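The next block holds one structure in the form of structure tokens; read it before the comments.
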Amino acid sequence: MDMPHNHFKQGLAENRLQLGLFLGLASTLSAEILAACGFDFLLIDAEHSPNDLPSVLAQLQAMAAYPVSVMVRPASHDPVLIRQLLGVGAQTLLIPMVESAQQARDLVAAVRYPPRGIRGVGTALERSARWNHVADYFAQTEAQTCLLLQIESCEGVKNLDEILQVDGVDGLFIGPADLAASMGYLNQPAHPEVQAVIEQALGKLRGAAKAAGIFSTDPQLLKKYQASGVRFLAVGADTQILRNAAVNLRQGFSSKAA
Ligand code: 3PY
Ligand code: MG
């Protein structure tokens, strides 16, 4: 059988804006519902959400039949965890809290097989190779893997120029919440000083070989980010959509009996 194609990576290469949502509900049902809603990518979050390897696998399986790209955000840079996530079939990884070129190089090595990297070989046991049904798996896997790193601290911003030079990184994603916290503006991602740093970082990424991405739910900020050349945008989270829809529904009713 054919190697699964990474449409998200292709979209970035063709300069097509990729719109997505974070998935934090750790539910195959809600993942499958959202998979049919027209987003380019859905990001299974295992950094802040209660997702583990089996729940990531189950959601990948639930969404496999739908025309959506799936990304996974692991909780750490651990190459063992990264190997396992790639093994269950994640093709695009978003790695949080990358602060140096060395960390970026280590992460590139974690997603590549020797001699270019350190990923362990076990395709007979792995969904990534469809248990060896994909005949030319080793020839194709690097081209179908997409590595995205999060820049979300003062240190990461300081080292952005060097991180941008690291071969094998496909995109850099600004995390406004953590960046704001790192700058001393906890819970104020829209603070003008935070926005100035984000603008500067996006300016460096414009025209660079690596795609820029960011998260926001603020329509004004999203417009601004889009105008500054961002190629992948996370515009919400399943948890937040559910919460807001439930609050709005409830608010439409009076508590008083007629
Ligand atoms: C952040 O804002 O810190 C994120 O990781 C997601 O956008
Ligand atoms: Mg973050």
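The values are calculated or read from the model by the stated rules, or taken from the named source; none is laboratory data. Just so it is clear, the model here is predicted, and its values are computed rather than measured. Don't worry about glycine lacking a Cβ; one is built from the backbone with ideal geometry, like all the others, and counts go over all protein chains shown. Protein only, heavy atoms only, side chains kept; ligands, DNA and RNA dropped before computing areas. Shrake-Rupley method; radii C 1.70, N 1.55, O 1.52, S 1.80 Å.
Structure notes:
- The set of residues from the stretch 202-227 being open to solvent by less than 20 Å² (accessible area, probe 1.4 Å), more than 13 Å from ligand 1 (Cβ to nearest atom) and either modelled with pLDDT under 95 or part of a helix (DSSP H, G or I) (or both) comprises 202, 205.
- The set of residues in the stretch 12-37 being surrounded by fewer than 20 Cβ atoms within 10 Å (Cβ to Cβ) and not in a loop (DSSP other than H, G, I, E, B) consists of 13, 19, 28, 29, 30, 32, 33.
- Of all the criteria given as (1) part of a loop (DSSP other than H, G, I, E, B); (2) more than 16 Å from ligand 1 (Cβ to nearest atom), the one not satisfied by residue 58 is (1).
- Residue in the stretch 93-120 that is nearest to ligand 1 (Cβ to nearest atom), counting only those that are of a type outside the set (A, V, I, L, M, F, W, C) and part of a helix (DSSP H, G or I): 103
- Filtering 125, 107, 149 for residues that are under 25 Å from residue 22 (Cα atoms) and more than 13 Å from ligand 2 (Cβ to nearest atom) leaves a single hit, 107.
- Applying the criterion of being within 16 Å of ligand 2 (Cβ to nearest atom) and open to solvent by 60 Å² or more (accessible area, probe 1.4 Å) to the residues of the stretch 155-183, the residue that is farthest from residue 93 (Cα to Cα) is 155.
- Flag for residue 52 being among the charged types (D, E, K, R), farther than 17 Å from residue 141 by Cβ and open to solvent by less than 40 Å² (accessible area, probe 1.4 Å): no
- Count of the stretch 55-94 residues which are of a type in the set (S, T, N, Q) and open to solvent by 50 Å² or more (accessible area, probe 1.4 Å): 2
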